[in-house]
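Report on one structure; see the data block that follows.
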């Protein structure tokens with residue numbers, strides 16, 4: 001039998017994680033993975049060097065701050081991942097004819113590249129509009145926000161009845177197809193229907209063909225009148241959905257849509273203001289505010305700000321220190337400090353004995369003075 005004393009003593013062993021939480025603003029992130037979803041769609045996965053909990057409302061978007069051909073460009077993309085996987089976030093981007101940013105990302109952006117993001121923001125989300133039954137409608141790459149919602153519902157084992165209808169040009173253009181089928185096969189409260197506009201030569205397809213209309217809607221989601229609807233896709237697609245719903249007398253207070261395209265002017269201006277502040281703060285940073293971090297074995301050194309982790313400083317030199325959790329739990333990034341002082345905010349991944357011998361965790365240690373690392 002567990003005593004009150006045992007419970008009290010065991011509870012002291014669990015401390016809150018020393019991790020920053022994402023809030024609307026400007027954040028520097030690094031691309032850690034690029035996934036090809038279809039022949040013209042890629043997913044870009046990001047995290048922060050010093051781990052951040054990327055909490056957001058499924059369906060919200062971020063604004064990327066990029067420099068293309070010497071010009072500063074802001075462009076918004078919906079987050080396609082779920083906050084149920086909080087240490088990273090993803091955007092899914094389709095190559096489009098004449099698309100300045102989307103095509104630049106496809107052609108130039110690689111793993112380990114960094115950029116600034118602004119956000120997350122957006123009223124189109126499933127947190128502010130709860131429901132017991134939802135209908136998720138998407139066309140093409142408009143699947144990204146409703147996929148984030150579906151992943152959130154699925155990962156959190158929520159008791160929400162989901163009907164998901166996705167429209168694609170051809171079977172080869174179905175984004176997240178295998179993952180959607182996997183979710184559908186695992187839980188009884190998830191139904192999936194995919195509609196392909198056309199079938200090209202050599203393609204096999206046994207699903208629905210053509211476009212989403214009233215007949216197909218009634219076939220795949222006969223109770224759609226009692227569901228809260230989230231819809232995203234090209235303008236013509238959403239216009240057709242609205243027309244069907246209005247014709248049957250659907251209560252449009254339960255209909256929510258998000259269009260993808262140009263970044264809203266107010267979002268762009270806010271991002272520009274934040275970027276200007278960041279540049280000004282960087283220019284005002286004096287060399288005297290920086291510390292030298294030296295890595296003995298490589299013979300390399302770098303100037304680091306007091307807020308920069310030693311792991312980040314090493315990566316800027318091209319040095320690889322193994323890292324797994326990024327929040328000071330696993331101890332993978334342990335290195336020996338030869339001299340200097342650091343602020344280490346770990347979560348139990350290093351013992352007091354190791355600390356006494358000069359070892360630190362590079363993922364959660366920031367310099368308080370010039371530091372020399374045996375690495």
Condition check: touching a helix residue (DSSP H, G or I) at 6+ places or on another chain (Cβ under 9 Å) and either modelled with pLDDT under 95 or surrounded by fewer than 19 Cβ atoms within 10 Å (Cβ to Cβ) (or both). Does residue 204 satisfy that? yes
Among the residues of the range 153-183, which ones are more than 24 Å from residue 36 (Cβ to Cβ) and not in a loop (DSSP other than H, G, I, E, B)? 153, 161, 162, 163, 165
Would you check which residues across the range 21-44 are surrounded by fewer than 18 Cβ atoms within 10 Å (Cβ to Cβ) and not in a strand (DSSP E or B) and list them? 23, 24, 39, 40
Across the range 105-121, the tally of residues that are crowded, with 21+ Cβ neighbours inside 10 Å and either outside any strand (DSSP E or B) or at negative phi (or both) stands at 4
Any residue in the range 126-140 that is assigned by TED's automatic domain parsing to the domain that holds residue 226, under 28 Å from residue 325 (Cα atoms) and surrounded by 23 or more Cβ atoms within 10 Å (Cβ to Cβ)? no
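Results for (1) touching a strand residue (DSSP E or B) at 6+ places or on another chain (Cβ under 9 Å); (2) closer than 22 Å to residue 59 by Cα, shown as yes or no for each residue.
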{"site": "142", "(1), (2)": "yes, yes"}
{"site": "149", "(1), (2)": "yes, yes"}
{"site": "162", "(1), (2)": "yes, yes"}
{"site": "171", "(1), (2)": "yes, no"}
{"site": "189", "(1), (2)": "yes, yes"}
{"site": "215", "(1), (2)": "no, no"}
{"site": "220", "(1), (2)": "yes, no"}
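Every residue, every condition in (1) assigned to a loop (DSSP other than H, G, I, E, B); (2) surrounded by fewer than 14 Cβ atoms within 10 Å (Cβ to Cβ); (3) out of contact with any strand residue (DSSP E or B) (no Cβ under 6 Å at 6 or more places or on another chain); (4) in contact (Cβ under 8 Å) with a residue 24 or more places away in the chain, yes or no:
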{"residue": "321", "(1), (2), (3), (4)": "yes, no, yes, yes"}
{"residue": "346", "(1), (2), (3), (4)": "yes, no, no, yes"}
{"residue": "354", "(1), (2), (3), (4)": "no, no, yes, no"}
{"residue": "366", "(1), (2), (3), (4)": "no, no, no, yes"}
{"residue": "375", "(1), (2), (3), (4)": "yes, no, no, yes"}
Residue 135 vs. criteria in a strand (DSSP E or B), over 25 Å from residue 270 (Cα atoms) and in contact with a strand residue (DSSP E or B) (Cβ under 9 Å, 6 or more places away or on another chain): yes
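The values are calculated or read from the model by the stated rules, or taken from the named source; none is laboratory data. If you're wondering where the values come from, they're calculated on a predicted model, not measured in any experiment. Note: ideal-geometry Cβ built from the backbone for every residue, glycine included; neighbour counts use all protein chains shown.
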